[in-house]
């Protein structure tokens, strides 16, 4: 491994010290490695010619999500090093990153593939294709009024319901907004999507699990205010006069770097189901 990118979240405390800490450790292991630094995901859409072997992400889950949306199409594997709050998607905390960096440079790792969603959305006559690793959400604005939705799956009518919104989630996103809305936890490497209503008026309206090969069309039937489309909780846009979106599987996978000691259920238990730890990413804990 000779070409490594580092995408760092500059809003994190002491991010420069942590970036230098990672870079110095890499050079101490192999001083011939070439490192390209990116800040706040800027420029990641144009890395095709940089021939990166891996992308290290310094930040929290949000930084990993934005990185995945930008570089999954280039099939560059991602190593998440948590310097954020939760770090559920990260492989390792920064306080314990040295063995991970050593294994990375020795190519002693596996690739875990995660499915992404692709939202087709038309704005001003222009069709846009927007990827998301966690979820795609349609929701109402700030007024206390609800929206009526029609759901079609593979061009067949499924249901109509009235709710605050609807979440279409990947297994990766099943532990995020979808879980808060009552959706199930799905093992992250499964090829499934979930459709979860947000505060539906009908008590019988529950999450539906479908195959990732399916195509979902969500139509806004009636709305008394603006409806917003959200990608991974990070990118927002108002639907405007467009009254539907189409969601399908993104043609590329997010490739996450995993080492032999990674235990998904241990991370799930500690950081989601019981939250026994908030963050372990303090540099001063490194021995």
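Residues in the stretch 134-147: is at least one over 15 Å from residue 220 (Cβ atoms) and surrounded by 17 or more Cβ atoms within 10 Å (Cβ to Cβ)? Yes. Here is the figure for the stretch 220-254: residues that are within 18 Å of residue 193 (Cα to Cα) and either in contact with a helix residue (DSSP H, G or I) (Cβ under 7 Å, 6 or more places away or on another chain) or surrounded by 13 or more Cβ atoms within 10 Å (Cβ to Cβ) (or both) total 14. The one condition from (1) crowded, with 20+ Cβ neighbours inside 10 Å; (2) over 22 Å from the mean Cα position of the chain (by Cα); (3) outside any strand (DSSP E or B) that residue 102 does not meet is (1). Restricting to the stretch 129-161, and then to whatever is in a loop (DSSP other than H, G, I, E, B) and closer than 30 Å to residue 73 by Cβ, can you tell me which residue is farthest from the chain's Cα centre (by Cα)? In this case the residue turns out to be 155.
Would you check if there is a residue in the stretch 28-35 being in contact with a helix residue (DSSP H, G or I) (Cβ under 6 Å, 6 or more places away or on another chain) and in a helix (DSSP H, G or I)? Yes: one or more hits.
Taking residue 284 as the residue in question, decide whether it is exposed (fewer than 15 other Cβ atoms within 10 Å of the Cβ), in a helix (DSSP H, G or I), at pLDDT below 90 and more than 19 Å from the chain's Cα centre (by Cα). The answer is yes for residue 284. Per the listing 178, 174, 169, the residue uniquely buried (at least 19 other Cβ atoms within 10 Å of the Cβ), touching a helix residue (DSSP H, G or I) at 6+ places or on another chain (Cβ under 6 Å) and either free of Cβ contacts under 8 Å to residues at least 60 places away in the same chain or more than 23 Å from residue 239 (Cβ to Cβ) (or both) is 169. Selection of the stretch 1-27 for residues being part of a helix (DSSP H, G or I) and more than 23 Å from residue 110 (Cα to Cα) yields 15, 16, 17, 18, 19, 20, 21, 24. On the stretch given as the stretch 191-208, residues that are surrounded by fewer than 16 Cβ atoms within 10 Å (Cβ to Cβ) and under 23 Å from residue 269 (Cα atoms) total 1.
Whether a residue is closer than 18 Å to residue 177 by Cα, at pLDDT 95 or above and outside the structural domain of residue 190 (by TED's automatic domain parsing) was assessed, and residue 81 does not pass this test.
Only residues that are more than 17 Å from residue 173 (Cβ to Cβ), in contact (Cβ under 8 Å) with a residue 60 or more places away in the chain and assigned to a helix (DSSP H, G or I) were counted across the stretch 61-92, and they come to 1.
Among the numbered criteria (1) surrounded by 13 or more Cβ atoms within 10 Å (Cβ to Cβ); (2) in a strand (DSSP E or B), which one does residue 271 miss? For residue 271, the failing item is (2). Picking from residues in the stretch 114-128 that are touching a strand residue (DSSP E or B) at 6+ places or on another chain (Cβ under 6 Å) and in a strand (DSSP E or B), the one that is nearest to residue 175 (Cα to Cα) is 114. The stretch 195-261 holds strands (runs of 3 or more DSSP E) entirely within its bounds, and those carrying 1 or more residues that are closer than 17 Å to residue 139 by Cβ map to 216-223, 227-231, 235-238, 244-249. Based on what the data block shows, is residue 154 in contact with a helix residue (DSSP H, G or I) (Cβ under 7 Å, 6 or more places away or on another chain) and touching a residue at least 60 places away in the same chain (Cβ under 8 Å)? So residue 154 does not fit the description; no.
The values are calculated or read from the model by the stated rules, or taken from the named source; none is laboratory data. Remember, it's a predicted structure, so these values are computed and weren't measured experimentally. For neighbour counting, all protein chains shown are included, and Cβ atoms are generated from backbone atoms with ideal geometry for every residue, glycine included.
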